[in-house]
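Take a look at the following structure, please.
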Amino acid sequence: MIRLRWSFIYLIIIISTDFSMASTDANVDKKVTDLFEINWESMRYDKSVSLYNPKLSSNQQASRADENLSLSCKIEIKDPNLVLGISRKGVLTGMTDSKKQNIEINQEQPPSRRPPTPAMRNMPSPRSMEMAYEGLRYHPQMTQPPKISRWRAFLYKYLRYPQKPFRPELVNELQPPRIQFELDIGLLKSSGGEIRSLKGYYYALMAESIEYVDVPFEPNDQWVRLTDDAEIQVREADYTISGSRIRYNYDIEENRIGGERMFMLSVEDYLPEKMVVERQLIGQDGKQINRSPGMGSLPAHVGGSGSGSHSGSGGISPVKKIRFVIAVNPKHYKIPFELKNIPLPNPESKEGKE
């Protein structure tokens, strides 16, 4: 009787776990989806023909033709503050041709969540690498003077209104993430030259909130806890300033308390309560010194050595601290979309041919 009771409880746990996984897979929140806007950027058709010398090549084919059709899309993020990354690939769920007829889609669905055990999560499969997240990327760019309408400019000139001189500053500008879909080459003949509607989804990784852990930029024997499974120690840290340029180098030792670092986070991974997503160098003026292009791979590398240089007009602030950016309660979100009236290239067109 006792064994039967425990079997029943065990069955309930399994059912609850499966339901939780299904709920996570269907995590669609309108407040979140409204933060993203996707537009198709280009439809590309490529064909390459290769010839092989049968005397030198083991390939039995005398010639080989490869064709592919790909759709590239750009994602605008209206508020990136809590957005950690976008999946490298998406999934198509529906397509219609120029006559609004459904087109069959042969595409694999993302795998289910992998167990949160170190032995499994540190061994990414080729499929999980395809569905991996890529952190947001920023590009340093000089600010531009604000645009003034003609009538306002005329009014300022007529009234001799003094205007403050514009001083450009170097800022990090968010680069819209891009996502690509491989399409069936048969669409070029069967769809009537246009995809009337294309439905699908991609994943966004978002945090509930962001925390910061600041560590002095100096050698230290103390270990600093960043998350439940990671702590660091600054072994080396120094910098030199020459005019408006600063050069720095550092060496940070990392200790993984719960095992090895998770490798290349994907949409099929369980998520920890806290995760380090970026490492920054902060000057005495409170501004970021290292103009990093973005988060890159997730989770971020917190240990290791590094060096670099940075310049700024009017001098530059000394390096004061190392800041670790930590995502609290990160979650996977499915972002559905629909694109309409996408023209298809014509392989027989003379455009682009010499």
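Suppose we filter segment 250-305 for residues that are in contact with a Leu (Cβ under 7 Å, 6 or more places away or on another chain) and modelled with pLDDT under 80; how many remain?
Here the count works out to 3.
Among the residues of segment 98-109, are any out of contact with any Asp or Glu (no Cβ under 8 Å at 6 or more places or on another chain), at pLDDT 60 or above, surrounded by 10 or more Cβ atoms within 10 Å (Cβ to Cβ) and assigned to a strand (DSSP E or B)?
Taking every residue of segment 98-109 in turn, at least one turns out to be out of contact with any Asp or Glu (no Cβ under 8 Å at 6 or more places or on another chain), at pLDDT 60 or above, surrounded by 10 or more Cβ atoms within 10 Å (Cβ to Cβ) and assigned to a strand (DSSP E or B).
Further, regarding this structure: Which of the residues belonging to segment 257-282 are loosely packed, with under 15 Cβ neighbours inside 10 Å and either farther than 12 Å from P330 by Cα or among the hydroxyl-bearing types (S, T, Y) (or both)?
I257, G258, G259, E260
Can you name the residue in segment 192-232 that is among the hydroxyl-bearing types (S, T, Y) and in contact with an Asp or Glu (Cβ under 9 Å, 6 or more places away or on another chain) and, of all such residues, is nearest to G283 (Cα to Cα)?
T227
Only one of S317, S349 is assigned to a loop (DSSP other than H, G, I, E, B), modelled with pLDDT under 90 and closer than 30 Å to D66 by Cβ; which?
On inspection, the qualifying residue turns out to be S349.
For E169, are the conditions met, namely being at pLDDT 90 or above and loosely packed, with under 12 Cβ neighbours inside 10 Å?
no
Taking the stated definitions as given, is N53 closer than 30 Å to P177 by Cα and part of a loop (DSSP other than H, G, I, E, B)?
no
Looking at segment 65-97, which of its residues are charged (D, E, K, R), part of a strand (DSSP E or B) and exposed (fewer than 12 other Cβ atoms within 10 Å of the Cβ)?
Within segment 65-97, D66 is the sole residue that qualifies.
I've got another one for you. What number of residues in segment 35-77 are modelled with pLDDT under 95 and charged (D, E, K, R)?
Adding up the residues that qualify gives 7.
The values are calculated or read from the model by the stated rules, or taken from the named source; none is laboratory data. Owing to the predicted nature of the structure, the values given are computational and were not obtained by experimental measurement. Ideal geometry is used to build each Cβ from the backbone, glycine not excepted, and the neighbour counts take in all protein chains shown.
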